[in-house]
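These notes concern the structure reproduced below.
Readers should treat all values here as calculations from the given coordinates under stated rules, not as data from a laboratory. Everything numeric in this text was worked out from a predicted model, so none of it was measured. We place every Cβ from the backbone using ideal geometry, glycine too, and count neighbours over all the protein chains shown.
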Amino acid sequence: MRILYLVHSFNYGGAENHVLDLANSMTVMGNEVFILTRKGRLAERLKDEVTISDLKMSDLLFPLVLLRICRFIRRNRIEIIHAHKRLPILLASLAGKIMKIPVVATVHGQPRIDLRSPFSRRFPDRVIFVSRRLLNGKGSYREVGERALFIQNGVEATDPAENRDPASLCYISRIDRKHSSVIGMVIKEVMPEIIKFFPGISFHILGDGEFLDELRQYGAKFNAEAGREACVIHGYVKDVKPVAARAGLVLGVGRVALESLVAGVPVLSVNSEFLGDFITRENYSFFKANNFVAAGNDPPDASRLRDLILLYLSNPGGFREEALALRENILSDFGIMKISGQILEVYRQLSAITR
């Protein structure tokens, strides 16, 4: 099949990394893959067979962008469009309608944002939700009805690292307002308390975004007080998987949690909305259904976050053993070829219907 992926930009982020892995795996399966996006650093990790073209998507230039997408579809004989997040989903919905080809949309974050437009709710032939919490939630997007599907993100297998640092914490994300609020809390309120009990502790931050400079300032102040570089802000890293695999504990949700667990690294589920618990075999079913988000929990609190991290540091070996045991579940449920196969079947069904 000739598949077009639309995503707003191609730097680090959950949706962006999902498109990266999906595009590469679809190529391995023998499909011709195209990506329209604002080119970013992830482009260098695409297989040579994937065609990526630069496209700046904006609400201001919406008619011109839509026209260019339609021309691209006609010129490259695209058979199906798969869009990710708000503006690409809206553009794909209209382009698919105009060009009479199927459209698939994936909701990665908040449906009320990604499916804000009535066209985005009515025109896609299938809408994929990566979390049952999002799929079963309330909102006007419920009109998607039977076109809604639950297919989660996939992940490539990563071997557990031997040279780990059990006393290292790691946070990997796009450095936007929401993520920076949690990271800032850890640097300013949590780390100063933890370092009193565990002087060798370190906190590693990977990612890029508009709030990175602010976090650098927080980190510099904390390091000056600690007398060493206990807070390490890496910024953009080409491939975060090896770094995450060497971490003692990863703080995160969604794709970050998935990529850490597949490397046998313990994960504490936390984002700007919810602070949960360590992901274990006991609570795996809950976290699996909710994209590893601690749905329904309270927002992050510095005191509880500190206590949870101290709990991990009191027995890092035990948490590591649990993560390694859980790794088999992750490989079985989230292997990228398995997930890509499920999505490819959706493409084929839609293509057969439109012929």
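Computed from the C-beta positions of L149 and A224, the FRET efficiency with R₀ = 51 Å rounds to 0.50. Distance between the modelled labels on Q217 and L67, one decimal in nanometres: 4.3 nm (7 Å Cα→Cβ projection).
On full extension, the segment bounded by E193 and I98 gains 28.4 nm, given 0.36 nm per residue less the C-alpha separation. For the chain, modelled as a GNM whose springs connect Cα atoms under 10 angstrom apart, the maximal fluctuation among E259, E16, E146 occurs at E146. Restricting attention to the range 168-334, close to 10% of DSSP beta bridges with both partner residues there are antiparallel.
DSSP loop (so not H, G, I, E, B), at most 10 other Cβ within 10 Å: list which GluC sites (Glu not before Pro) in the range 152-197 pass both filters.
Working: sites: E156, E162, E189, E193; in loops: E156, E162.
Those satisfying the criteria are E162.
Pick from G254, G296, G154: which is most flexible by mean-square fluctuation in a GNM of the chain where alpha carbon atoms under 10 Å apart are linked? For the chain, modelled as a Gaussian network with Cα springs under 10 Å, the answer is G296.
Rounded if a/c is under 1.5, else prolate if a/b is larger than b/c, else oblate: which is the range 1-136, with a ≥ b ≥ c the root eigenvalues of its Cα gyration tensor? List each step's numbers first, then the result.
Numbers: a/c = 1.38, a/b = 1.14, b/c = 1.21.
Cα axes put the range 1-136 in the rounded bin.
Could you work out the helix-only [θ] at 222 nm for the chain, with each DSSP H run of four or more residues adding -39,500 (n - 2.57) and the total divided by the number of residues, to the nearest 500 deg cm²/dmol? Walk me through the intermediate numbers first.
Values: 15 runs with 158 residues, N = 355.
Per the formula, -13500 deg cm²/dmol.
Scattering from the range 168-334 was approximated by placing one identical point on each alpha carbon and applying the Debye formula without solvent; log10 I(q)/I(0) at 0.16, 0.18, 0.19 1/Å stands at -0.88, -1.14, -1.27.
Given their separation in residues at 0.36 nm each and the Cα-Cα distance between them, K47 and R281 gain 80.8 nm when the chain is fully extended.
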